[in-house]
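Asker: Quick one: the structure is below, and I'll ask about it shortly.
Coordinate-derived values only; no laboratory data. If you're wondering where the values come from, they're calculated on a predicted model, not measured in any experiment.
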Amino acid sequence: MGDQIEAAKKRAAERAVAEHFSPSFRYVGIGSGTTILYVVDAIKASLESHLASTQPPEEHRASLDSMIQFVPTGYQSRQVVVQAGLTPIAFDSLPETVALDVAFDGADEVDDELNCIKGGGACLFQEKLVATKAKKFVCVADYRKNQPRLLTSWPSIPIEIVPIAVYTVLARLRALGSSSPTVRAGRLAKSGPDQTDQGNFIIDAPFPSPLLTKKDLLEARKKGESWAMMERLGTGRNPEGRWEVEALAREIKSITGVLDVGLFVGENGYDVSQRQAKGEKKAYGLEAGQKPVICYFGMQDGNVEVKEAEVSNLT
């Protein structure tokens, strides 16, 4: 099973890089997790193939290798970039007006509308920083992460919080309907809670599942007044206590002490750029979208399944 999963990740990574990476890029975001190992391998192979086909003078090869700078989402992904012989750049060293050409990252779960749960590796805040700095976020995963709705297989939502706010945040999450939110433990019990690169804690919060999508909301409007009443009250959840994913993300993010939530929802990079192209004033100054524009899933049968943002969402 393990070999099958790794092979699936590799196939998805190779296709994603083949279709969304170019040696002409200047800045590329590199996410966290095991799938990203294969993404970096595929990028390295693409660059080597480009150098072999163009055959630049030997004295120019080193400069060509460093022309693309890779923005990691944490310590682990930075080490992957360095070990591949690529050039890393810290997020806070990027020029203010620069947008990454692309960001590649994995996900813990992806639904039919490309909403994602991320944060299983405790890098969700930096992953969101990089995704929202990119013109497009391309998700790469294996078949286990491909689900119709979030919280179908993945059990909880990761939330990064400042340590001093643990009990306040836990209480608020319970009030929102999380049955048993818990602070993620470190690998060694004696070392205390797991800590992020920012020195914060992660809370894993289960909610009534699965989470609802915008499509579910539209369909529910046709079925009865109870849903319409819930929408008017602004609760964002149905009478059974199931939250719509964007509403839940907003509620959690609004809790004092929460740095960020591992729900990647709302717009994608194409949505924002198209609104800017139309001259919508509210689009200017916005960060790019959190959601991927496309997801590649390596399947058990050797194929790669693709979920892509609907055209109707990009116009």
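Asker: Among (1) 41; (2) 32; (3) 26, only one was calculated for this model; which label is it, if the read-out is percent of Cα pairs over 31 Å apart?
Answerer: This structure yields the entry labelled (2).
Asker: Here's something else I'd like to know. For the range 157-262, what value does the Rg/Rh ratio take when both radii are computed over Cα atoms and Rh is the Kirkwood radius, given to two decimals?
Answerer: Over the Cα atoms of the range 157-262, Rg/Rh equals 1.06.
Asker: Per-residue ellipticity at 222 nm for the chain, helices alone: DSSP H runs ≥ 4 residues times -39500 (n - 2.57), over residue total, nearest 500 deg cm²/dmol?
Answerer: -10500 deg cm²/dmol
Asker: Two decimals, Cα atoms only, Kirkwood Rh: what is Rg/Rh over the range 66-114?
Answerer: 1.04
Asker: Under 22 Å between alpha carbons, and skipping anything fewer than 8 positions from K118 in its own chain: which lysines qualify?
Answerer: Once the sequence-local lysines are set aside, what remains near K118 is K9, K10, K128, K133, K135, K136, K145, K214, K215, K253, K291, K307.
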